[in-house]
Amino acid sequence: GLDGDGVSYRTLLDELSRHLKGYFLRRLGPGRVADAEDLVQETLLAVHARRATYDTERPFTVWLHAVARYN
């Protein structure tokens, strides 16, 4: 996605949606699905806005969770 490959970027966002939903549900609890979905959308927007800050030399999930945590 950083190289401008739209198909790869869309695939990444789809996979991130699933990953982030689980991430937020573990923190919020299973009864908070709507809240988790809202946080997923906010985080995906933040990932898009901050994608240039990702250092490809570091693990992606560390960066992703930092964006999710501090969004």
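The values are calculated or read from the model by the stated rules, or taken from the named source; none is laboratory data. It should be emphasised that the depicted structure is a prediction, and the values quoted were computed from it without experimental measurement. Quick reminder, even Gly has a Cβ in these numbers, built from the backbone with ideal geometry, and neighbours come from all protein chains shown. These area figures cover heavy atoms from the full protein model, side chains too; ligands, DNA and RNA do not enter into them. Shrake-Rupley method; radii C 1.70, N 1.55, O 1.52, S 1.80 Å.
Within region 1-65, the GluC sites (Glu not before Pro) that combine a DSSP coil assignment with at most 16 other C-beta atoms in a 10 angstrom radius are GLU57. Taking the chain as a Gaussian network, where each spring joins two C-alpha atoms under 10 Å apart, which residue of ARG50, ARG27, ARG18 fluctuates the most? Checking each option, the largest mean-square fluctuation is seen for ARG27.
What number comes out for accessible area per residue over the chain if the probe is 1.4 Å? Units Å², please.
69
Mean sequence separation of contacting Cα pairs (under 8 Å, at least six apart), scaled by the length of the chain, corresponds to a relative contact order of 26 percent.
For the chain, a Gaussian network of Cα nodes joined below 10 Å ranks LEU12, LEU44, LEU25 by mean-square fluctuation, and the top entry is LEU12. Computed over the Cα atoms of the chain, the ratio of the radius of gyration to the Kirkwood radius (Rg/Rh) comes to 0.98. Taking 16 Å as the cut-off, no amide N atom of region 34-49 comes nearer than this to a point 7 Å along the Cα-to-beta-carbon line of ARG18.
Between TYR9 and TYR70, what is 0.36 nm times their sequence separation minus the Cα-Cα distance? Round to one decimal in nm. Please report the intermediate quantities before stating the final value.
Details: separation 61, 0.36 × 61 = 21.96 nm, distance 2.22 nm.
Using 0.36 nm per residue and subtracting the Cα-Cα distance, I get 19.7 nm.
The order of THR56, THR43 by accessible area, most exposed first and with a 1.4 Å probe, is THR56, THR43.
Helices meeting the span-like rule in the chain (full DSSP H runs, Cα extent of at least 18 Å along the helix axis, mean Kyte-Doolittle score of -0.5 or higher): 6-28, 33-50.
Given +1 at the Cβ of Lys and Arg, -1 at the Cβ of Asp and Glu and no other charges, the dipole of the chain around its Cα centre is 280 debye to the nearest 20. Determine the share of the chain's accessible area contributed by carbon and sulfur atoms, expressed in whole percent, with a 1.4 angstrom probe. Roughly 53 percent, rounded to a whole number.
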